[in-house]
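The values are calculated or read from the model by the stated rules, or taken from the named source; none is laboratory data. These figures come from a predicted structure and were not determined experimentally. Heads up, the Cβs are rebuilt from the backbone with ideal geometry, glycines too, and the neighbour counts pull from every protein chain shown.
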Amino acid sequence: MELAGIKVDKGIVELAGTNGGTRGDSRVHTKTAFRRTVPPAIPGIKFLTGGQSKEEATVNLDAMNKLEVLKPWTLAFSFGRALQQSTLKTWGGKKENVAKAQEAFLARCKANSEATLGKYTGGGARGFASESLYVKGYKY
């Protein structure tokens, strides 16, 4: 198997129970799990939103890229639905909303691009970005 051609799509490790774990702990545990199981020859790990809001997924990706640990792969996003949903809702099928929809799309793309670099400073949560993407019964 050629490892350089593999793409890993995964969500963030969620901490179960009420052990006092924080979102920061989840990020650390996610990266620890990857360091223990994903070979360095894999070029990148792409995160799914996994039902998080678009903004929450972006903030989590940014935080993982800011962690000071060895990461031999690129940590990026595979947020197809997360990029499209705000755009489509903003557009609403109306010609007069095209410019606003394009602006919403560019804002989400910019936010996730910055998060991939660990340089997201916020501000991408306009409009529908804070809405959860969770859909009961949706097959991820």
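Would you point out the residue of segment 44-100, among those that are part of a helix (DSSP H, G or I) and of a type in the set (K, R), that is nearest to K119 (Cα to Cα)?
Here the residue is K66.
Take the conditions surrounded by fewer than 21 Cβ atoms within 10 Å (Cβ to Cβ), within 22 Å of A4 (Cα to Cα) and without any contact (Cβ under 8 Å) to a residue 24 or more places away in the chain and apply them to T74. Does it pass?
no
Can A33 be described as part of a helix (DSSP H, G or I), farther than 18 Å from G122 by Cβ, among the aliphatic types (A, V, I, L, M) and in contact (Cβ under 8 Å) with a residue 12 or more places away in the chain?
Yes, satisfied.
Yes or no: segment 84-99 includes at least one residue that is surrounded by 16 or more Cβ atoms within 10 Å (Cβ to Cβ), under 23 Å from T30 (Cβ atoms) and either at pLDDT 90 or above or among the charged types (D, E, K, R) (or both).
Within segment 84-99 (the criterion being surrounded by 16 or more Cβ atoms within 10 Å (Cβ to Cβ), under 23 Å from T30 (Cβ atoms) and either at pLDDT 90 or above or among the charged types (D, E, K, R) (or both)), the answer is no, since none of the residues qualifies.
I want to confirm something. Restricting to segment 46-69 and keeping residues that are over 23 Å from Q84 (Cβ atoms) and of a type in the set (D, E, K, R), which single residue is surrounded by the fewest Cβ atoms within 10 Å (Cβ to Cβ)?
Once the filter is applied, the top-ranked residue is E68.
List the number of the failed condition for T37; all other conditions in (1) among the β-branched types (V, I, T); (2) surrounded by 15 or more Cβ atoms within 10 Å (Cβ to Cβ); (3) closer than 21 Å to E2 by Cβ hold.
It fails just one condition, (2).
If we keep just the residues of segment 24-34 that are buried (at least 19 other Cβ atoms within 10 Å of the Cβ) and at pLDDT 80 or above, which is farthest from the chain's Cα centre (by Cα)?
Here the answer is F34.
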